[in-house]
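Shown next, in structure tokens, is the structure this report addresses.
The values are calculated or read from the model by the stated rules, or taken from the named source; none is laboratory data. No experiment lies behind these values; they were computed from the predicted model shown. In this analysis, Cβ positions are derived from the backbone assuming ideal geometry, glycine residues included, and neighbour counts consider all displayed protein chains. Accessible surface is based on the protein model in full, side chains and every heavy atom, while ligands, DNA and RNA are left aside. Shrake-Rupley method; radii C 1.70, N 1.55, O 1.52, S 1.80 Å.
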Amino acid sequence: MIEEKIKQTVRDVNDFPKPGIIFKDITPILKDPKLCLQIAEALAAQLKGIEIDVVAGIESRGFLFGPALAQLLNVPFIPIRKAGKLPYKTIQQSYDLEYGTATIEVHEDALVAGQRVLIHDDLLATGGTVVAASKLVMQLGAEVAAYSFIISLDFLNGRTRLSPYAVKVCSLASY
């Protein structure tokens, strides 16, 4: 089962990025090309029947599987990046972190009004970054069709924060 394989492969890193946090490190997954393909295919299978026009991946780990997922769904991929990283005109959205604030951005021409967007990232925790990404999608006149994650930390209740934007939240491994 894919969930078991992910959980066997993900590495826990204690006290990263700050004391008390157990970071779920997906980089060991990247050493296994077969598992990478299985993850992309499993995410695509969970999205069957949902109309998706674009996959938007959140920097940086959303860039690892987002493009493969877009290829499997036969749709374009767009990056949502940290402020100052995109070369063209952008729109921005700030959000709160446990230790301050952060800002993400997307090119102002990345989406067309009415497009249905899948927002992808490696992990759903509290949902702050993903809510900010959802707001960017909506600012461009598009709608959030669904979310996909490799891992969901359900005890942090991030899914609840996403419910105003889209009903479908897919993940392959839950903690």
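Accessible area per residue (1.4 Å probe, heavy atoms of protein chains only) ranks THR9, THR126 as THR126, THR9, with the largest value leading. Computed packing ranks the peptides 16-28, 73-85 as 73-85, 16-28, most packed first, by mean other Cβ atoms within 10 Å.
In order along the range 100-112, phi translates into HN-Hα couplings of x, 10, 9, 9, 10, 8, 9, 4, 5, 10, 5, 10, 10 Hz, rounded to whole numbers, per the Karplus curve 6.51 cos²θ - 1.76 cosθ + 1.60 with θ = phi - 60° and x for Gly and Pro. Couplings 3J(HN,Hα) for the range 116-126, derived from phi with the Karplus relation 6.51 cos²θ - 1.76 cosθ + 1.60 (θ = phi - 60°), are 9, 10, 8, 9, 10, 8, 6, 8, 9, 10, 7 Hz, where x marks Gly and Pro. The figure for LEU153 is an accessible area of roughly 20 square angstrom, using a 1.4 Å probe on the protein chains alone. The alpha carbon centroids of the range 84-111 and the range 1-69 are separated by 22 Å. Shape class of the range 9-164 from the Cα gyration tensor (axes a ≥ b ≥ c, square roots of the eigenvalues): oblate, since a/c reaches 1.5 or more and a/b does not exceed b/c.
Rolling a 1.4 Å probe over the protein heavy atoms leaves TYR175 with an accessible area of roughly 70 Å². A protection proxy built from the mean count of other Cβ atoms within 10 Å ranks the segments 53-60, 97-104, most packed first, as 53-60, 97-104. In sequence order, the range 155-169 has phi-based couplings of 5, 8, 6, x, 4, 4, 5, 8, 4, x, 9, 7, 7, 7, 10 Hz under the Karplus curve 6.51 cos²θ - 1.76 cosθ + 1.60, θ = phi - 60°, and Gly or Pro positions carry x. Of all DSSP beta bridges confined to the chain, the antiparallel ones make up roughly 40%.
With a threshold of 24 Å on the Cα-Cα distance, the over-threshold entries among LYS34/LYS168; LYS135/LYS168; LYS31/LYS82; LYS89/LYS168; LYS34/LYS85 are LYS34/LYS168; LYS31/LYS82; LYS89/LYS168; LYS34/LYS85. Of the residues THR101, LEU162, VAL13, the one whose Cα sits farthest toward the positive end of the charge dipole of the chain, with +1 on the Cβ of Lys and Arg and -1 on the Cβ of Asp and Glu, is VAL13. Surface composition of the range 1-95: carbon plus sulfur atoms hold 52% of the accessible area, using a 1.4 angstrom probe and ignoring ligands, DNA and RNA. Once backbone amide H atoms are built at 1.01 Å from N, GLY57 has ILE78, ILE80, HIS120 as its partners under 5 Å, excluding neighbours fewer than 5 places away on the same chain.
Solvent-accessible area per residue in the chain equals 51 Å², computed with a 1.4 angstrom probe and all protein chains kept. Taking a ≥ b ≥ c as the square roots of the eigenvalues of the alpha carbon gyration tensor, the range 63-129 is oblate, as a/c is not under 1.5 and a/b does not beat b/c.
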